[in-house]
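The values are calculated or read from the model by the stated rules, or taken from the named source; none is laboratory data. Computed from a predicted model, the values in this text were never measured in an experiment. Virtual Cβ from ideal backbone geometry, glycine too; neighbours counted across all protein chains shown. Each accessible area value is taken on the protein alone, full model and side chains, heavy atoms only, with ligands, DNA and RNA left out. Shrake-Rupley method; radii C 1.70, N 1.55, O 1.52, S 1.80 Å.
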Amino acid sequence: VGHLFCFREAGLTNGTPVETSSPASTSSLLNRLQLDDDLEADIRDPYAEAAETRDLFVTVDDPKKHVSTMETYITYRVSTKTSRVEFDLPEYCVRRRYQDFDWLRIKLEDSQPTHLIPPLPEKFVMKGVVDRFSEDFVETRMKALDKFLKRVADHPVLSFNPHLNTFLTTKDLNKRQGLALLSKVGESVKHVAGGYKLRARPAEFGAMGEYLDTFNQKLGTIDRIAQRILKEQSEYLTELREYGTVYSSWAGSEDELRRPLEGVGGCVTTCCGALEDLGDGMSQDILPVLREYVLYIESMKSVLRKRDQSQAEYEGRLEAAVLRKQEDRTPMPLEVEKCQDKVECFNADLKADWERWQSNKRHDFKQLLTGMADKNINHYEKCQAAWESLITLLQDKQTEDKTSETN
Amino acid sequence: MAEDGRDESLATDDESDHTALSLRFLPMLCGVTAQMLEEGSTLLRRMEICVAEAEKRNGKNTVNMQETFTVYLVETRPMDAVAEGRNQAPDSLWRRYSEFELLRNYLLVTYPYIVVPPLPEKRAEFVWHKLSADNMDPDFVERRRVGLENFLLRVASHPVLSNDKILHHFLIEEHGWKEVVYETGFQAKADSRLRALSATFRVRNPDKRFMEMKHYSDELQSHTSQLLRARARVADRLYGVYKVHGNYGRVFSEWSAMEKEMGDGLQSAGHHMDAYAASIDDILEEEEHYADQLKEYLFYAEALRAVCRKHELTQFEFEMASQELVSKKQQHEELSTGIVRTFSFKGMTNKLFGQEAPEQREARLKLLEDLIAEGEEDVQEKTVECGEHVERAWVDMHRFKEQKDKDLREALINYAVMQISMCKKGIQMWSNAKECFLKM
């Protein structure tokens, strides 16, 4: 069997495409846990259907810094609530660091090569450029890790992977990791070996590849636009601050006009604050998600490549077998049949995952763009409120003056 | 009252002119309209004035070279005709910017105790990158037209300036006006720059209030110009922010082409992003009105300073005349009593070489007495001149201060209103986009 962990062999499904709802194994559930979780579930959204039938809930939070003689690193609390029988207890709470997540991902990739594994946030950060321990960085990374784990936990196949179980339950992951590291090397070598040339890629997978390339391009463009906007806004903010101070300093040389001028200066300052918040929101919530999708695309493309490879291998072996069969009438070797199975498995898994990915993508971008719109609306609302209260203030003073004049 | 030709270009549609007039009042003039009705019997109560149009002309300039310049149509109409609703065609004539300048220079010299309203700027300054710095640019010409009208309205509603004959001529007599102005000889009355500068440094006891006012005029000028510069930079940056959002429009549109369910939502959202990017043009154009209001007071600061400096000059001349008189009186005393109080060469030479003959002495005493009499008249004149200037100027500076406080306060409120409008537009655009995103 080797590294191949086709779900067919595990007896979960019969190889037909899997829908977004949980597979047959959920029928063995006793209860469904109701948990109000952090996912913003849109009730009309098919994405939410999965949420309602969920029986495995995971959360990543509570970052803590650990300082030892060798190194300094951050750990996160990983909490699990589940009713699945594969877990001994209904609740778990462990602490994990980034390299643990990395380990999990590698194990998943190796053990489920036909599936799309969600991406992790960037592993390496330039020590001089980014502060790995700054609140913003840790917060952003934590959100991405949380997302990763939730996506895995929501996946009908990946969520039953024993490595995930280990990750969520074992107190001390390090021992396990040691062993895992060795086997990892061996497995990846097996992937590279092959070297078969693909003849005819089915149209649908070709289309997927093209879509991913174009989408990647678009994401890149959007990322650049967002960054450009951030830059322009930052420069605008600098000028705006200066502008506000001019009003305040003018106010100093006036008497009647002092209050209006100070008022305007104050409003400008408020707008500066609102603009700063907008910029922070964009860099913390919007840009990281865009980048994560680029990684997601990379993952997906790598899975497509593996699929191509396995198809190529099958085609190659088949061709060789057919030739031999023609020569000496031996039956179709088991090897070839296994390859065929493998390819069919792969194709089915991939198609299912693709649909899921598309659905997730739609949901994620809907959320992302709506969030972006909300941030902008919020920014304008803050500014509008400031200016409106100034007008009220000034007009009250005006009526005050008028009545004192007539008196 | 207009003797000269009415151009074909004269507006025939009077009604639209009338409404156009009141509409033109609003953006620029904040307090002027109300002020017109409140002031005494200013010119504006009797006559409706506006600068209706601008046109390009070609002609020869003072050094006989061809040039292109702009002329502005000044229209006037008696107020009672307007009130009675008579559809009377306005009288009109064309004036160049240089003629407005001449009028203003005349007013500056003739009424040195008045804070004379300023003209709109000669050349475009404080421009941000999209605005043209070209004097022939139609937007610049239009804003200048509004500025010239504002100038006329301010002058015509001023309790002192509105009675000036030269002003009346300017509004009504197209030809020969320049000659009449020169004939007043106002140019000869103008103070030399050197004299004025010298007075500023050497005056001993200027009125404290005027010194404070002069200091204030410096502050006003400094702050308004700083504000105008900062605002231009802010406008530039804001323009950039909005325009970059237009790129979202393009990429959403491209992206929508490859999506199934998400396509429609993305496409419509893209259109809203385009609209958002385009909205900045109108927003910033409206803000130019605010900038123009600030500019008016930037230039007003200079006019205020001019009144203060005139005080310094009159005070200095009074001081000089007094000093001169004192010195002459002293000389007389020394000559008549023989007691030398102060050192003088004459005194020294007298001591060294003997005194002069009695006839000479008498002659000199007589001369001095004449000079003293002249000097006393001079001092008297200067005292009156200085005193009158202080009195009248103080009144007008007070009037100016009230006008400035009112106008700028309204300008600031209008600015806040503009900002609110901009926020509302932004909220609208993003809400529209959000709705599209929700449909994705």
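Quote the relative contact order of region B:197-342 in percent (integer), defining contacts as alpha-carbon pairs under 8 Å separated by 6+ residues.
Computed over region B:197-342, the figure is 40 percent.
In whole angstrom, how far apart do the alpha carbon centroids of region A:149-167 and region B:222-299 sit?
47 Å
Suppose the Debye formula is applied to equal point scatterers at every Cα of region B:109-188; what is log10 I(q)/I(0) at q = 0.15, 0.21, 0.26 Å⁻¹?
The calculated log intensity ratios at q = 0.15, 0.21, 0.26 Å⁻¹ are -0.70, -1.05, -1.23.
For region A:103-163, with every protein chain kept in place, what is the accessible area per residue (1.4 Å probe, Å²)?
Roughly 41 Å² per residue, with all protein chains present.
Defining a contact as two alpha carbons under 8 Å apart and six or more residues distant in sequence, what relative contact order in percent does region A:226-294 show?
So the answer I get is 35 percent.
Taking only the alpha-carbon atoms of region A:73-170, what semi-axes of the equivalent ellipsoid follow from 5 times the gyration tensor eigenvalues under a square root, in whole Å, largest first?
25, 16, 10
Where does the charge balance sit around B:Leu294 when Lys and Arg score +1, Asp and Glu -1, over other residues with C-beta under 11 Å from its C-beta?
-2
Using protein chains only and a probe of 1.4 angstrom, how many square angstrom of B:Met418 are accessible, to the nearest 10?
Its heavy atoms expose roughly 30 Å² to the probe.
In Å² (nearest 100), what accessible area is buried between B and A, both sides summed, heavy protein atoms only, 1.4 Å probe?
Buried surface at the B/A interface: approximately 5400 Å².
Just to confirm a number: summing +1 for Lys and Arg and -1 for Asp and Glu over residues other than A:Glu319 whose beta-carbon lies under 15 angstrom from that of A:Glu319, what do you get?
0
Provide a list, ordered by number, of residues in region A:363-390 showing at least 40 Å² less accessible area with every protein chain present than when their chain is taken on its own, using a 1.4 Å probe.
Residues losing area: A:Lys366, A:Leu369, A:Thr370, A:Met372, A:Ala373, A:Asn376, A:Ile377, A:Tyr380, A:Gln384, A:Trp387.
Taking amide hydrogens as modeled 1.01 Å from N in the peptide plane, which residues meet the under 5 Å criterion relative to A:Arg54, leaving out close sequence neighbours?
Residues meeting the amide H criterion: none.
Relative contact order, percent, of region A:70-130 when contacts are C-alpha pairs under 8 Å separated by at least 6 residues?
RCO, region A:70-130: 24 percent.
Run the quick spin-label model on A:Ser68 and B:Lys439: label points 7 Å from Cα toward the beta carbon, then report their separation in nm to one decimal.
According to this spin-label approximation, the distance is 5.6 nm.
Determine the principal axes of the Cα atoms in region A:48-106, then give the extent along each, sorted from largest to smallest and rounded to whole angstroms.
If we take the Cα atoms of region A:48-106, the spans are 46, 24, 23 Å.
Work out from phi, with θ = phi - 60° and the Karplus expression 6.51 cos²θ - 1.76 cosθ + 1.60, the ³J(HN,Hα) of each residue of region B:152-169, listed in order in whole Hz, and give x for Gly and Pro.
My calculation for region B:152-169 gives 4, 5, 5, 5, 6, 9, 7, x, 9, 5, 5, 8, 5, 5, 4, 4, 4, 4 Hz in order.
Quick one, can you get me the convex hull of the C-alpha atoms of region B:217-314 expressed as volume per residue in Å³?
63 Å³
Which of the residues in region B:391-411 lose at least 40 Å² of accessible area when you go from the chain alone to all protein chains together (probe 1.4 Å)?
B:Asp405, B:Arg409
Tell me the per residue accessible area of region A:217-346 using a 1.4 Å probe; a whole number in Å² is fine.
46 Å²
Can you give the net charge of the other residues whose Cβ lies under 10 Å from the Cβ of B:Met422, counting K and R as +1 and D and E as -1?
After counting each charged neighbour, the total is -1.
Show me the chymotrypsin sites (Phe, Trp or Tyr not before Pro) within region A:86-148 that DSSP assigns to loop and that have at most 10 other Cβ atoms within 10 Å of their Cβ.
A:Phe124
Hey, with R₀ at 60 Å, roughly what FRET efficiency would A:Glu276 and A:Lys197 work out to, going by the Cβ-Cβ distance, to 0.05?
FRET efficiency, A:Glu276 to A:Lys197: 0.60.
Please state, as a whole number in µm²/s, the translational diffusion coefficient that the Stokes-Einstein equation yields for region A:204-292 at 25 °C and 0.890 mPa s, with Rh defined as the Kirkwood radius across alpha carbon pairs.
Roughly 154 µm²/s, to the nearest whole number.
Any chance you could look up the accessible area of B:Glu377 with a 1.4 Å probe, heavy atoms only, rounded to 10 Å²?
130 Å²
Kindly state, to the nearest 0.05, the FRET efficiency for B:Ser198 paired with B:Asp139, given R0 = 51 Å and r defined as their beta-carbon distance.
Taking R0 as 51 Å, the efficiency between B:Ser198 and B:Asp139 is 0.75.
Distance from the Cα centre of region B:366-440 to that of region A:84-123, in angstrom?
71 Å
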